[in-house]
Amino acid sequence: MTRAKIVEELEAILRNISTANGYATDFERVESWRDVPTQYDRNYLIWRDGKEKYQKKNKYTATLKIEIIAVVLESANARADVLGTIALADLIKAVSQLKVCGSIVTLVEAHKWIETKGKTAAQVELNIDVKYQF
């Protein structure tokens with residue numbers, strides 16, 4: 001049940017990323033477990049809750065691996081590489097708010113690259129571990 005609560009809270013946090021809520025990026029689409037589209041027509045975010053490891057001492061400790069991929073389109077006012085860096089900062093700010101079930105978020109790694117399939121866009125990936133006990 002704890003994993004389900006963490007996933008539910010994470011999705012709510014990611015859906016909350018918008019300029020109206022104090023972030024610098026707007027994502028028109030936020031979905032879980034989708035393939036990354038090959039044609040970019042808007043800013044979007046896809047996340048996946050993947051592998052989970054367990055350890056037992058006095059209680060069980062679980063580490064849930066989360067992958068978040070965001071695509072931001074280049075605009076007339078900003079280059080894709082700059083927008084990608086800003087989007088990554090917004091993702092880090094957002095996931096740092098995850099506190100459900102006493103969870104602890106650890107940033108594992110981040111990647112950024114430029115895509116030019118039709119429109120120029122930055123694609124960023126943030127991998128995190130969410131540790132909790134049950």
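Rounded to the nearest 5, what % of the DSSP beta bridges within the chain are antiparallel ones? Present the calculation step by step, with values, prior to reporting the outcome.
Numbers: 35 of 39 bridges.
Bridges in the chain that DSSP calls antiparallel: roughly 90 percent.
Once both axes come from the Cα atoms, what is the angle between helix 80-95 and the longest principal axis of the chain, in degrees from 0 to 90, rounded to 10? So the inclination is approximately 20 degrees. A simple charge model with +1 on the Cβ of Lys and Arg, -1 on the Cβ of Asp and Glu and nothing else charged puts the dipole of the range 1-109 at about 760 debye relative to its Cα centre. Annotation: the residues 124, 30, 108, sorted from fewest to most other C-beta atoms within 10 Å of their own C-beta, follow the order 108, 30, 124. The slack in the chain from residue 3 to residue 54, taken as 0.36 nm per residue of separation less the alpha-carbon distance, amounts to 17.1 nm. Report summary: the helix-based calculation at 222 nm, which adds -39500 (n - 2.57) for every DSSP H run with n ≥ 4 and divides by the residues of the chain, gives -7500 deg cm²/dmol. The Cα trace of the chain gives Rg and Dmax of 15.6, 56 Å, the first to one decimal, the second as a whole number. Projecting the Cα atoms of 20, 96, 70 onto the charge dipole of the chain, computed from C-beta unit charges around the Cα centre, puts 96 farthest toward the positive end. Straightening the chain between residue 133 and residue 101 buys 10.7 nm, computed as 0.36 nm per residue apart minus the Cα-Cα spacing.
Excluding same-chain neighbours fewer than eight residues apart, the aspartates and glutamates reachable from residue 65 by a Cα-Cα span under 12 Å are 49, 52, 109, 129.
Each of 44, 54, 60 was scored by other Cβ atoms within 10 Å of its Cβ. Listed from fewest to most, they are 54, 60, 44.
Assuming 0.692 mPa s and 37 °C, estimate D for the range 11-67 with Stokes-Einstein, Rh taken as the Kirkwood radius over Cα pairs, in µm²/s. Mind showing how you got there, number by number?
Details: Rh = 13.7 Å.
For these conditions, the coefficient is 240 µm²/s.
A short reminder: the numbers here are calculations on the coordinates, not readings from a lab. It should be emphasised that the depicted structure is a prediction, and the values quoted were computed from it without experimental measurement. Here Cβ is always computed from backbone atoms with ideal geometry, including for glycine, and neighbour counts include all displayed protein chains.
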